[in-house]
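Colleague: Please see the structure below; I have some questions.
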Amino acid sequence: MDISKQRIAVYGLILNQIKKEEFLIIKRAAHDTHPNLWELPGGAVDLGEDPQQAIKREISEETGLKTGTLYPLTVLNGHSVSDTSMQVIRIVYLCLQTESESIKLSPDHSEYRWITFTKLPPLEYSDIFTKTLKKINDYPHLITDR
């Protein structure tokens, strides 16, 4: 197998520091890949980078938040949208907002919302978000404060 055709990406389900039943979703900008989809913050792990450091970096770059990484919630397998011959392994971490700073979105995102598991607004969600939510619904103990 050609490992140059594999990539690792990380995503964070970020629990609100104050209202732990809430978590953060962000909306892709209209000009970006996957325009207007609501998703979890995250992105590619750099070569040699520790995945737990990568998720903290990605969350900071996309939202300006500082987080603590609690543990992996799920691992998803898929393919790159831009190169369907590339396998992408996606690790979704449960994260906790560690400071109550305001959110500063990257230019790749246009909006954010804190939402709850029980009251999901009718939005267009990314596949990664949908699969992560299904895993949590199937195994609610993954979110201990739920």
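Colleague: Somewhere in the stretch 99-114, is a residue open to solvent by less than 40 Å² (accessible area, probe 1.4 Å), at negative phi and out of contact with any Gly (no Cβ under 9 Å at 6 or more places or on another chain)?
Modeller: Yes, that holds for at least one residue.
Colleague: Which of the residues that make up the stretch 28-58 are closer than 10 Å to residue 10 by Cα, open to solvent by less than 30 Å² (accessible area, probe 1.4 Å) and not in a loop (DSSP other than H, G, I, E, B)?
Modeller: Passing the criteria: 42, 43, 54, 55, 58.
Colleague: Residue check, residue 80 against (1) of a type outside the set (Phe, Trp, Tyr); (2) at pLDDT below 90; (3) in contact with a Gly (Cβ under 7 Å, 6 or more places away or on another chain); (4) open to solvent by less than 20 Å² (accessible area, probe 1.4 Å), all met but one. Which one?
Modeller: (3)
Colleague: I need every pair where a residue in the stretch 27-53 that is on the phi > 0 side of the Ramachandran plot and in contact (Cβ under 8 Å) with a residue 40 or more places away in the chain has its Cβ under 8 Å from the Cβ of a residue that is open to solvent by 50 Å² or more (accessible area, probe 1.4 Å) and of a type in the set (Asp, Glu), sequence separation at least 6 or different chains.
Modeller: 36/124
Colleague: Which members of the stretch 93-143 meet the condition of being free of Cβ contacts under 8 Å to residues at least 60 places away in the same chain and in a helix (DSSP H, G or I)?
Modeller: Of everything in the stretch 93-143, those that are free of Cβ contacts under 8 Å to residues at least 60 places away in the same chain and in a helix (DSSP H, G or I) turn out to be 127, 130, 131, 133, 134, 137, 138, 140, 141.
The values are calculated or read from the model by the stated rules, or taken from the named source; none is laboratory data. In this text, all values refer to a predicted model and were calculated from it rather than measured experimentally. Please note: Cβ atoms are built from the backbone with ideal geometry, for glycine as well, and neighbour counts cover all protein chains shown. Keep in mind that these areas ignore ligands, DNA and RNA; they rest on the heavy atoms of the full protein, side chains included. Shrake-Rupley method; radii C 1.70, N 1.55, O 1.52, S 1.80 Å.
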